[in-house]
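Student: The structure follows.
The values are calculated or read from the model by the stated rules, or taken from the named source; none is laboratory data. Every value quoted in this text rests on a predicted model; they were computed, and no experiment measured them. FYI the Cβ positions are ideal-geometry reconstructions off the backbone, even for glycines, and counts take in every protein chain you see.
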Amino acid sequence: MSNRVVDWNYFGEHGPDKWHCLCEEFEQAADYKWQSPIALSEAENCEKMAAEGLTFDYVQENFIEQSFNHTFHFLPPNDRSKLFFNQKSYHLTDIHFHLPSEHVLEKKQFPLEFHFVHMDKFGHNLVVAVLFNIATDENPESGKELVYFTWKKGQHSLSFDPQIFLPAQKSYYYYTGSLTTPPTRGPVEWIVFDTVQLLKKTFVDQLKIHVTPNNNRPLQRLNGRKIYHN
């Protein structure tokens with residue numbers, strides 16, 4: 001594996017349809033047939049799954065803010081925030097953002113998608129995706145979950161409990177896919193919540209300053225994989 005930095009982007013000659021051509025590592029990762037993101041629908045190509053005991057054990061801590069790979073990241077200082085799924089433990093390694101959403105839910109794309117990236121003790125990834133609409137004066141908040149979060153770029157360290165971004169209703173889609181940025185290796189377990197929440201416009205405006213516009217990988221083919229809904 002080369003240590004050189006590979007220039008990739010979301011448009012032009014280094015865009016998603018060319019990622020596999022940029023280096024050998026990216027090419028090998030793209031050979032994995034179950035790529036992400038995908039379109040999700042409860043009525044299409046979806047099976048019911050038994051409850052797998054998804055439990056979050058997130059804690060308040062001082063996250064470090066960084067910009068890289070065309071998005072903005074909140075990085076936890078240690079392995080204290082965890083989730084438990086299918087009798088396995090995963091610790092939170094990264095929170096980052098895609099504008100607009102990468103996953104499409106019931107044929108609809110949303111303005112923002114959070115990715116909570118986790119890893120188990122063997123180095124296997126599980127990513128939790130949370131979808132958001134933006135609360136504005138024209139967007140009534142009645143009957144929807146509104147997340148209040150205040151942040152301004154430049155604080156370097158920000159104390160919060162990641163659980164504030166999770167929906168109260170934790171029904172979700174589950175499937176096996178890949179990372180959505182190069183190298184797009186797999187397998188990666190995906191949990192995509194089907195509750196779409198509202199986020200304050202001021203927070204999204206801050207993100208837009210530091211996130212590459214349209215940093216969403218195009219939808220990928222299902223290639224025969226099973227999608228589950230809990």
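Student: Which of the strands (runs of 3 or more DSSP E) contained wholly in the stretch 6-69 include at least 2 residues that are more than 16 Å from V192 (Cα to Cα) and either among the acidic types (D, E) or within 20 Å of the chain's Cα centre (by Cα) (or both)?
Tutor: Hits in the stretch 6-69: 61-68.
Student: Then there is this: With the checklist (1) farther than 30 Å from V6 by Cα; (2) modelled with pLDDT under 95; (3) outside any loop (DSSP other than H, G, I, E, B) in hand, flag the one item L83 doesn't pass.
Tutor: (2)
Student: Could you tell me whether the stretch 36-53 includes any residue that is loosely packed, with under 13 Cβ neighbours inside 10 Å and on the phi > 0 side of the Ramachandran plot?
Tutor: Filtering the stretch 36-53 down to residues loosely packed, with under 13 Cβ neighbours inside 10 Å leaves 43-44, 47-48, 50-51, 53.
Then drop every residue that is not on the phi > 0 side of the Ramachandran plot, which leaves 53.
Yes: the stretch 36-53 contains one or more residues that are loosely packed, with under 13 Cβ neighbours inside 10 Å and on the phi > 0 side of the Ramachandran plot.
Student: Collect the residues in the stretch 75-108 that are surrounded by fewer than 18 Cβ atoms within 10 Å (Cβ to Cβ), touching an Asp or Glu at 6+ places or on another chain (Cβ under 9 Å) and touching a residue at least 60 places away in the same chain (Cβ under 8 Å), keeping them in residue-number order.
Tutor: Within the stretch 75-108, P100, E106 meet the criteria.
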